[in-house]
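Enquirer: I have a structure here, written as structure tokens, and I will follow up with some questions on it.
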Amino acid sequence: MVRAVARFWREIPQRYNLMGNKCTVCNRVYFPPREVCPYCRRNSFGKMVDVKLKGSGKVVTYTIIHTPPSKFEGQAPYAIAIVELDEGPRITGQIVDCDLDKIKIGMKVQATFRRIQDDGYTGAIYYGYKFRPVEK
């Protein structure tokens, strides 16, 4: 059972490799990947190409979570931000390795691979991306 869960999570490229895609008609980049560009619509069929995102970007907005959902109680308080990646997509992620009072809108960040949670029943540990500040 654990082996199947681990394989399942490894096979989600956007979770582990920040894989998005790009419309070759208008050059917009998407994360997570899309089948069709919402701007070019039918003109983009067969013209979406995979792209590995660098993971660098800036904080657009953020909030501090004081009352977390179950399985995250031990992490509170923590910051969740919307990050605009250098390639254009905006994604949500946790800010780590930073004092909460030092987080600012416009702060440069870089994606990092971290533990998200664990499943006590199967023993599976789930990993994914979070964001850490970039030193100036």
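Enquirer: Pop out the ³J(HN,Hα) list for segment 76-87 in order, Karplus 6.51 cos²θ - 1.76 cosθ + 1.60 with θ = phi - 60°, rounded to Hz; leave Gly and Pro as x.
Expert: Calculated HN-Hα couplings, in order: 5, x, 8, 9, 10, 10, 9, 10, 8, 6, 4, 7 Hz.
Enquirer: Just to confirm a number: summing +1 for Lys and Arg and -1 for Asp and Glu over residues other than Glu84 whose beta-carbon lies under 9 angstrom from that of Glu84, what do you get?
Expert: Numbers: positive: Lys58, Arg90; negative: Asp86.
Net charge around Glu84: +1.
Enquirer: Considering amide H positions built from the backbone, and no H for Pro or chain starts, which residues 5 or more places from Thr112, or on another chain, come under 5 Å of its amide H?
Expert: Lys130, Phe131, Arg132
Enquirer: Taking 18 Å as the cut-off for C-alpha to C-alpha distance, list the pairs among Lys22/Lys104; Lys58/Lys102; Lys104/Lys130; Lys54/Lys102; Lys22/Lys47 that go past it.
Expert: The pairs that break the limit, which is 18 Å between Cα atoms, are Lys22/Lys104; Lys54/Lys102.
Enquirer: Something else: If one computes the Cα centroid of segment 94-112 and of segment 35-50, what distance in Å separates the two points?
Expert: 33 Å
Computed from the coordinates by the stated procedures, all read-outs in this text should not be read as laboratory data. These numbers come from a predicted model, not from an experiment. Here Cβ is always computed from backbone atoms with ideal geometry, including for glycine, and neighbour counts include all displayed protein chains.
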